[in-house]
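The values are calculated or read from the model by the stated rules, or taken from the named source; none is laboratory data. Keep in mind the model is a prediction, meaning the values are calculated, not measured. For neighbour counting, all protein chains shown are included, and Cβ atoms are generated from backbone atoms with ideal geometry for every residue, glycine included. Note: accessible area is taken over every heavy atom of the protein model, side chains too, but ligands, DNA and RNA are not part of it. Shrake-Rupley method; radii C 1.70, N 1.55, O 1.52, S 1.80 Å.
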Amino acid sequence: MTRSPSPPSDEPLREPRRVSLRNRLLGLLLREELDRDIAAAAVDAELDPELARRLWRALGFPEPGGRQAFGEADVAAFQLVKAAIESDLLTEDTVLRLARAMGVTMARLADWEVATLVDEMERDVEVGRADSRLGVALTLAAEVAPRFEDILVQVWRRHLTVAAARMEAIGANDTELRTTTMTVGFADLSRFTSLTNQLDDAALGSLVERFEERGADVITVGGGRVIKTLGDAVLYVTVDPVVATRIALDLVTTVGSRDDVPAIRVGLATGSVVSRLGDVFGPPVNLAARLSHVARANRVLVDEATAASLGPEFATRALPPRPLRGFGDVAPITVSQRRAFRSR
């Protein structure tokens, strides 16, 4: 029986060298010396120290206490916040809400990036390009991080442009920009719980990544917007029930029908939703999730509001009513695409 090779380890690194490498990594990523605590940074920025602490917590960072964990860049950021509030461009409450949005988004992005780079680090250690993960991390921080930062800003600008255009279009017909009528789609993997007990960690991670990647591609190409992924599920929205339904059926045929991904189930519901911090809330979100949970494998179930918006391109059939938590007895409607309309 062939034994699997042991995973790369940082064990050969002695503690003094490990500390030295960690300090170098920190320096490469932050590009400055951290020489003051949060109170001193706030004072240097002429910002209320309590507001600085609230801002730090809103960004998702742990309480720094009296540690010297702040540098000139942090002072500059605090100064920008102070200037924005004093110029009446933003209220203090708005600043804190924006900070929470950035904190949640950036924390997930950073975790995603590091997790993605782990495989690269493992390969480099295995083939002898580096003697430790820390060594690989240093190279990536020096060579890749600066370039990725420029790309990150450009991608953010692009998404900001799209979001502003989307908000303007909604505002033309709706005085309340945060609440609008949308169709919500919720797609999840069948038998995911049982699969988690059958697959090892690496295989499970690969499965989730394939599902999220392919699902996001189908949704984006189809004209929808991914709100979030939940490992075994993806939540998306569109302003058009027909577009949402086409996406749902495409998810079934192009993602759920693949041999390397389990079957999927999709629920759709249309109605008023509230947008907050990049997420959506409201009865349609909950109903779409409930419908997906009662759908058969590789099937799409919709509510009455969505079905009423569909034309002859789709075939619909009401199923017997069943209890859905929070909604009472609901008669789901199954949807399929008529053969005559398969080519668009």
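One residue stands out in the range 68-91 among those that are assigned to a loop (DSSP other than H, G, I, E, B) and touching a residue at least 24 places away in the same chain (Cβ under 8 Å): the one that is surrounded by the fewest Cβ atoms within 10 Å (Cβ to Cβ), namely Gln68.
Say we look at the range 320-336 and pick out the residues that are over 22 Å from Val234 (Cα atoms) and in contact with a helix residue (DSSP H, G or I) (Cβ under 9 Å, 6 or more places away or on another chain); which of these is surrounded by the most Cβ atoms within 10 Å (Cβ to Cβ)? Quick ask: steps written out before the conclusion?
To start, the set of residues in the range 320-336 that are over 22 Å from Val234 (Cα atoms) comprises 320-323, 328-331.
Applying the additional criterion that residues be in contact with a helix residue (DSSP H, G or I) (Cβ under 9 Å, 6 or more places away or on another chain) yields 322, 330-331.
Numbers: Arg322: 11, Val330: 19, Ala331: 11.
Going through the qualifying residues, I end up with Val330.
In the range 257-273, what count of residues is obtained for those that are out of contact with any helix residue (DSSP H, G or I) (no Cβ under 9 Å at 6 or more places or on another chain) and either part of a strand (DSSP E or B) or of a type outside the set (D, E, K, R) (or both)? Break it down stepwise before answering.
Let us first name the residues in the range 257-273 that are out of contact with any helix residue (DSSP H, G or I) (no Cβ under 9 Å at 6 or more places or on another chain), namely 257, 259.
Adding the requirement that they be either part of a strand (DSSP E or B) or of a type outside the set (D, E, K, R) (or both) leaves 257.
Number of matching residues: 1.
Across the range 294-303, the qualifying residues are those that are surrounded by 15 or more Cβ atoms within 10 Å (Cβ to Cβ) and not hydrophobic (A, V, I, L, M, F, W, C), and the one among them that is farthest from Thr253 (Cα to Cα) is Asp303. Scanning the range 207-223 finds no residues that are open to solvent by 50 Å² or more (accessible area, probe 1.4 Å), modelled with pLDDT under 75, farther than 20 Å from Glu120 by Cα and in a helix (DSSP H, G or I).
Out of Gly27, Gly60, Gly65, one residue alone is on the phi > 0 side of the Ramachandran plot and without any contact (Cβ under 8 Å) to a residue 40 or more places away in the chain. It is Gly65. Criterion applied to Thr316, Thr306 was being in contact (Cβ under 8 Å) with a residue 12 or more places away in the chain, open to solvent by 60 Å² or more (accessible area, probe 1.4 Å) and β-branched (Val, Ile, Thr), and the one residue passing it is Thr316. Going through (1) on the phi > 0 side of the Ramachandran plot; (2) more than 15 Å from the chain's Cα centre (by Cα) one by one, Gly231 falls short only on (2). Can you find a residue that is modelled with pLDDT of 85 or more and surrounded by 18 or more Cβ atoms within 10 Å (Cβ to Cβ) anywhere in the range 21-35? No.
Residues that are polar (S, T, N, Q), at least 3 per element: which strands (runs of 3 or more DSSP E) completely within the range 280-344 meet that? Show your work before the answer.
Values: elements: 299-302, 314-318, 322-324, 328-330, 333-337.
Output list reads 333-337.
Among the residues of the range 92-108, is any outside any helix (DSSP H, G or I) and in contact (Cβ under 8 Å) with a residue 12 or more places away in the chain?
The first filter runs over the range 92-108 and keeps only residues outside any helix (DSSP H, G or I), leaving none.
No, that holds for no residue.
Any chance the range 195-203 includes a residue that's surrounded by 15 or more Cβ atoms within 10 Å (Cβ to Cβ) and either in a strand (DSSP E or B) or at pLDDT below 80 (or both)? Walk me through how you get there before you give the answer.
Initial filter on the range 195-203 (surrounded by 15 or more Cβ atoms within 10 Å (Cβ to Cβ)): 195.
When the remaining residues are screened for being either in a strand (DSSP E or B) or at pLDDT below 80 (or both), the result is 195.
Yes, the range 195-203 contains a residue that is surrounded by 15 or more Cβ atoms within 10 Å (Cβ to Cβ) and either in a strand (DSSP E or B) or at pLDDT below 80 (or both).
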